[in-house]
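Notes follow the structure.
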Amino acid sequence: MSEPAKPPRPRPVPVPDPETAPYWDAANEGRLLLQRCTRHGHRQLYPRPHCVVCRGPVEWEEASGRATVYSFTVIRQNMVRPFRDLLPYVVALVDLEEGPRLMTNIVDCEPDDVAVGAPVRVRFDEVTEGVRLPFFLLAGS
Amino acid sequence: MADGRRAVIAGVATSDYPNLPDMSEYQVHAQAAERALADAGLTFDDIDGYATVGFFPMYAVQLSEYLRLQPHWFDETNFGGASFEVLVEHAARAVEAGACDTVLVTYGSVQLSAMGRRLGTGGRGPAPSGPAAFDQLWGNTLVGSYALAARRHMHEFGTTSEQLAEIAVTMRTHAAFNPHAQYRDPITVHDVLGSRMIAEPLHMLDCCVISDGGGACVVTTEERARDLPKPPIHVLGAAHAMTHHMNVSAMPDMTVTAAARSGPLAFAHAGLTPADVDTAQLYDSFTITVLLTLEDLGFCGKGEGGAFVEGGRLRFDGALPTNTDGGGLSACHPGMRGMFLIVEAVRQLRGEAGATQVPDAKVAVAHGTGGMLSTGATLLLGTERP
């Protein structure tokens, strides 16, 4: 590449709003939150004003951080910075043991070691100063 | 509905495609509109309803100004790639209800010339907020979303990359007969599996092409169509549904698309079953899109799509000729391909499909899929009055 090297571009960070700020603020503190229906216990993400099943009231609760891989892909082409500098990387949907499904990256692994159904656990990594996000690791790694 | 107001498609056309460096997207709309009206034996003066959708709001109003139309019925429902099936459904219901008599539906895009291949994997910009932020932080791509579905389908049902590749090979077989198709050289399953990996398990040749192009159709009443030149194509059934917006993490089951709801509704509306369908025009953004749609529309059971597409079943000379123009995988994909599905379905039903004509085709399904496997819209079209 003859193109002069550009400084690394930071990863995108969430712009919290009144509804999502508790989730992103907790992530910054290393805690993974979800919403629990106080009427029948259903857990959900992303946050909404009410339970999406029974429309009952919800409250925040801390998740265990344990999950299993529902599906994953190894991204091998993405022209968008900074991700083009991170290729290849694993994008996954993981099912928290409490129920909600999250998109994340499974990091610190060989892409070939990821499998549907694999157990994973959360780790909060700083992506830019003052912003930590919930990434996942293969359990046992 | 009043007698004679049953909705029919009286004219269809595609614009030039797939590479239009000297045209604006507005010119593509205009060219497609003029051709579809000529095909219908009508003029702009006959149009009192108009529908389109694009990337900007008030697009139908903008295009009405550009085309110098003064309709009194409009629609620009944005259902992503499935939009044009929805617009034709709405147009059909509008003419049947008497809200207007003749609706022009147009589509135009110069995605390839304007943006080039940088759009290739549908990467996203920064500043993620609200619900969308939950999926926007991880470098997922449009291809990646469909790859997540493909991987899950493989896990649950043992579907293979070879089976997905069969779909791409069949579309290329059809594209070879389409002089306008973007890619026409034959490919093999081996070629698909050997092409560059974009988002595992989807290879480059599992992905649609990026094109310029557009199309148009004219929806009117059976009575109005009676003295028009082309045989009317009846809108037998139509329905649409969604599972999620752009967050694939919100899709309840990544192996079940909105077609599982829109399909049965449309077939019930038409009083038909999948066994009645002579040719299928299915949105093929990716090979997995076709496989999931076949299952969800009921052409085979859930999980049976891999075996179903083997052995050339989707070829023009197979049991369910599918995407007989070469599809988005090989012929043309300007971003919202739904209009091309309708045009090809109508051409098949009129016997105008050339080398890939399905003998005596009487019923066609056109099914659009939009977003990140988010939306689905089914149209059942036929040569005979329902």
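Bear in mind these aren't lab numbers, they're just calculated from the coordinates by the rules spelled out. Worth saying up front: this structure is predicted, and the values here are computed from it rather than measured. Neighbour counts are summed over all protein chains in view; Cβ atoms, including those assigned to glycine, are modelled from backbone coordinates with ideal geometry.
Identify all residues within region A:64-76 that are within 14 Å of chain B (Cβ to nearest Cβ) and not in a strand (DSSP E or B); write none if there are none.
Of region A:64-76, the ones within 14 Å of chain B (Cβ to nearest Cβ) are A:67-76.
Selection gives A:Arg76 alone.
Filter region B:210-227 for residues that are farther than 22 Å from B:Trp73 by Cα and out of contact with any His (no Cβ under 7 Å at 6 or more places or on another chain) and give the result.
Listed by number, the residues that qualify are B:Asp212, B:Gly213, B:Arg226, B:Asp227.
I'd like the full set of residues that are among the aliphatic types (A, V, I, L, M), under 30 Å from B:Phe56 (Cβ atoms) and not in a helix (DSSP H, G or I), limited to region B:308-364. Full working, then the answer.
If we filter region B:308-364 for residues that are among the aliphatic types (A, V, I, L, M), which is where we start, we get B:309, B:314, B:319-320, B:329, B:331, B:336, B:339, B:341-343, B:345-346, B:349, B:353, B:355, B:358, B:361, B:363-364.
Those still in the list that are under 30 Å from B:Phe56 (Cβ atoms) too: B:329, B:331, B:336, B:339, B:341-343, B:345-346.
B:Met336, the sole residue that qualifies.
Mind checking whether some residue in region B:171-182 is at the interface with another protein chain (Cβ under 8 Å from one of its Cβ atoms) and either at positive phi or crowded, with 24+ Cβ neighbours inside 10 Å (or both)? Before the answer, list the steps.
Filtering region B:171-182 down to residues at the interface with another protein chain (Cβ under 8 Å from one of its Cβ atoms) leaves none.
No, the conditions are met nowhere in region B:171-182.
Count, please, the residues in region B:1-60 that happen to be aromatic (Phe, Trp, Tyr), farther than 19 Å from B:Phe340 by Cα and without any contact (Cβ under 8 Å) to a residue 24 or more places away in the chain.
Restricting attention to region B:1-60, the residues satisfying the condition of being aromatic (Phe, Trp, Tyr) are B:17, B:26, B:44, B:50, B:55-56, B:59.
This time we only want the ones that are farther than 19 Å from B:Phe340 by Cα, so: B:44, B:56, B:59.
Imposing the further condition that a residue be without any contact (Cβ under 8 Å) to a residue 24 or more places away in the chain reduces the set to B:56, B:59.
Number satisfying all stated conditions: 2.
State all residues of region A:43-61 that are under 21 Å from A:Met103 (Cα atoms), part of a loop (DSSP other than H, G, I, E, B) and away from every other protein chain (no Cβ under 14 Å); if no residue qualifies, say none.
A:Cys51
Would you say B:Ile233 is closer than 30 Å to A:Leu87 by Cα, buried (at least 24 other Cβ atoms within 10 Å of the Cβ) and among the aliphatic types (A, V, I, L, M)? Show your work before the answer.
On the way: closer than 30 Å to A:Leu87 by Cα: no; buried (at least 24 other Cβ atoms within 10 Å of the Cβ): yes; among the aliphatic types (A, V, I, L, M): yes.
Criteria not met by B:Ile233.
I'd like to check something: does region A:87-106 contain any residue that is at the interface with chain B (Cβ under 10 Å from one of its Cβ atoms), surrounded by fewer than 15 Cβ atoms within 10 Å (Cβ to Cβ) and under 24 Å from B:Leu142 (Cα atoms)?
Yes, because at least one residue in region A:87-106 is at the interface with chain B (Cβ under 10 Å from one of its Cβ atoms), surrounded by fewer than 15 Cβ atoms within 10 Å (Cβ to Cβ) and under 24 Å from B:Leu142 (Cα atoms).
Out of the residues in region B:191-242 meeting the condition of being more than 30 Å from B:Val110 (Cβ to Cβ) and assigned to a loop (DSSP other than H, G, I, E, B), tell me which one is nearest to the chain's Cα centre (by Cα).
Result: B:Pro232.
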